[in-house]
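The values are calculated or read from the model by the stated rules, or taken from the named source; none is laboratory data. Here the structure is a predicted model, which means the values were calculated and not measured. Here the Cβ is made from the backbone with ideal geometry for all residues, glycine too, and neighbour counts use every protein chain on show. Heads up: the accessible areas ignore ligands, DNA and RNA and are worked out on the full protein's heavy atoms, side chains in. Shrake-Rupley method; radii C 1.70, N 1.55, O 1.52, S 1.80 Å.
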Amino acid sequence: KGDRMHWWREARFGMFIHWGVYAVPAGNYNGHQIKGIGEWIMNFAKIPVKDYKEYAKGFNPVKYDADAWVKLAKDAGMKYIIITAKHHDGFALFDSKVTDWDIVDATPYKKDLIAPLAEACRKYGVKLGLYYSQNQDWVHPGGAAYWRAANRGYDKMPNAAKMDEFTKANDGHWDSLQLSKTFNEYVDGIAIPQIKEILTKYGDIAVLWWDTPRGMDAVTAGKMNDLLKLQPNIITNNRLMEGAFQGDTKTPEQRIPTLKELDGTDWETCMTMNDTWGYKSFDQNWKSTETLIRNLVDIASKGGNYLLNIGPKADGEIPLESINRLKEIGDWMKINSQA
Ligand code: JFZ
């Protein structure tokens, strides 16, 4: 275990990337600015599956430059990148053979987004990790959905109360299409084959970052955990299943633990630069570069890693506010880092 964790324990700083179809609405729906994190817009606004799928036609990241993204991370002092291979909306940034709900089949772009990132990571010596939403999937039938009230920022949402009733009664789902298969059918038809795909198609995968495990059963989690054999040196977080499969690392979210809370387990604070993971056109609540550097120093001094998020736009551009902060961190790093 020591050897496998070695690079991670020295890394201290990584880049989280939340990117997907949610960057198209970018927080806006039916003329409303939807409150809350942008990658949850489909759930918060209870967007029907069919309507949400339409957004993919606007996901055309012609300005995507994987080489420049990795160089940006590297120059900021980041040692690894974790990107959302599939988030809760079920959309795959890679060419998946088990669904049409992916970058190649559902968008005008039609090219795998993970492959060039993996290549650029190899070129610059940056580790590549993948986030995979193993449990929640709001588009593939049978995937889980967390219940969230249907009124986020959207006071006059038609039938909000009725919708809440429906979602509560249906385990968080709001569209009958989501209910047309069982969770096990989703697991065997989509999740398991896709986890195999992402662990075999892109060379070394340094981290598998699971998420939102509520309700995961031990058999399903066990099947997923077994697939990690495909990458003998892979590191995983503690979000595969609640109370089991603790993985290698704890994942405090949007906060830095106090010294008293630390128990010797490896940990990584993930954090946004503004208030959203996925791109929102109107979120301007940016943390200052000074705050970000203080956070990094605080985390490093306590032995943790800082996984700092960017939310690229649908055209492949990283918000300028994020680029500027990463460059300023890089300037600081040049003066203060020993590496
Ligand atoms: C999850 C996702 O739902 C979210 O969209 C984003 O990807 C984030 C990184 O992870 O959100 C969570 C998961 C766990 C906690 C909070 C938000 N938690 O443990 O407090």
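The table for this structure:
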{"quantity": "Dipole magnitude (debye, nearest 20) for the chain, charges at Cβ of Lys, Arg, Asp, Glu", "calculated": "400"}
{"quantity": "Options Q254, Y29, G172, ranked by Cα towards positive dipole end of the chain, top entry (Cβ charges)", "calculated": "Q254"}
{"quantity": "DSSP-loop GluC sites (Glu not before Pro) across the range 208-317, with at most 15 other Cβ within 10 angstrom", "calculated": "E242"}
{"quantity": "Phi to ³J(HN,Hα) by Karplus 6.51 cos²θ - 1.76 cosθ + 1.60 over the range 57-62, Hz, x for Gly, Pro", "calculated": "5, x, 8, 9, x, 5"}
{"quantity": "Accessible area of the chain belonging to carbon and sulfur atoms, whole % at 1.4 Å probe", "calculated": "50"}
{"quantity": "The range 155-311 shape via C-alpha gyration tensor axes, a/c threshold 1.5", "calculated": "oblate"}
{"quantity": "Cα gyration tensor shape of the range 97-216, rounded if a/c is under 1.5, else prolate or oblate by comparing a/b with b/c", "calculated": "prolate"}
{"quantity": "Rounded, prolate or oblate (a/c below 1.5 giving rounded, otherwise prolate when a/b exceeds b/c) for the range 172-253 by Cα gyration tensor", "calculated": "oblate"}
{"quantity": "Computed over the range 178-318: relative contact order in percent, which uses C-alpha pairs under 8 Å that are six or more apart", "calculated": "16"}
{"quantity": "Dipole magnitude of the range 64-111, debye to nearest 20 (Cβ charges: Lys/Arg +1, Asp/Glu -1, about Cα centre)", "calculated": "220"}
{"quantity": "Loop-located chymotrypsin sites (Phe, Trp or Tyr not before Pro) in the range 183-283 whose Cβ has at most 15 other Cβ within 10 Å (DSSP)", "calculated": "F282"}
{"quantity": "For N295, net neighbour charge (Lys/Arg +1, Asp/Glu -1) across residues whose Cβ lies under 12 Å away", "calculated": "+4"}
{"quantity": "Gaussian network model of the chain, Cα within-10 Å springs - most flexible of K127, K46, K110", "calculated": "K110"}
{"quantity": "Residue among G20, G189, G143 with the largest mean-square fluctuation in a Gaussian network model of the chain, springs linking Cα atoms under 10 Å", "calculated": "G189"}
{"quantity": "Fraction of beta bridges assigned by DSSP in the chain that are antiparallel (%, nearest 5)", "calculated": "10"}
{"quantity": "GNM flexibility winner over the chain from L326, L262, L117 (Cα, springs under 10 Å)", "calculated": "L262"}
{"quantity": "The range 1-114 - charge dipole about Cα centre, Lys and Arg +1 at Cβ, Asp and Glu -1, debye rounded to 20", "calculated": "300"}
{"quantity": "Histogram of C-alpha separations across the chain, 20 Å bin width, %", "calculated": "32, 61, 8"}
{"quantity": "Amide H contacts of I82 (H built 1.01 Å from N, under 5 Å, at least 5 apart or other chain)", "calculated": "M15, F16, I17, G129"}
{"quantity": "The range 148-179: trypsin sites (Lys or Arg not before Pro) falling in loop per DSSP and having at most 14 other Cβ within 10 Å", "calculated": "K156"}
{"quantity": "Among Y306, N285, M241 - extreme Cα towards positive end, dipole of the range 203-313, charges at beta-carbon", "calculated": "N285"}
{"quantity": "Å² per residue, accessible surface of the range 225-339 at 1.4 Å", "calculated": "48"}
{"quantity": "Formal net charge of residues neighbouring M271 (Cβ-Cβ distance under 9 Å; K, R +1; D, E -1)", "calculated": "+1"}
{"quantity": "Helix-only [θ]222 nm of the chain, DSSP H runs n ≥ 4, -39500 (n - 2.57) each, per residue, nearest 500", "calculated": "-9000 deg cm²/dmol"}
{"quantity": "Centre separation in Å (Cα based) which lies between the range 22-53 and the range 165-183", "calculated": "18"}
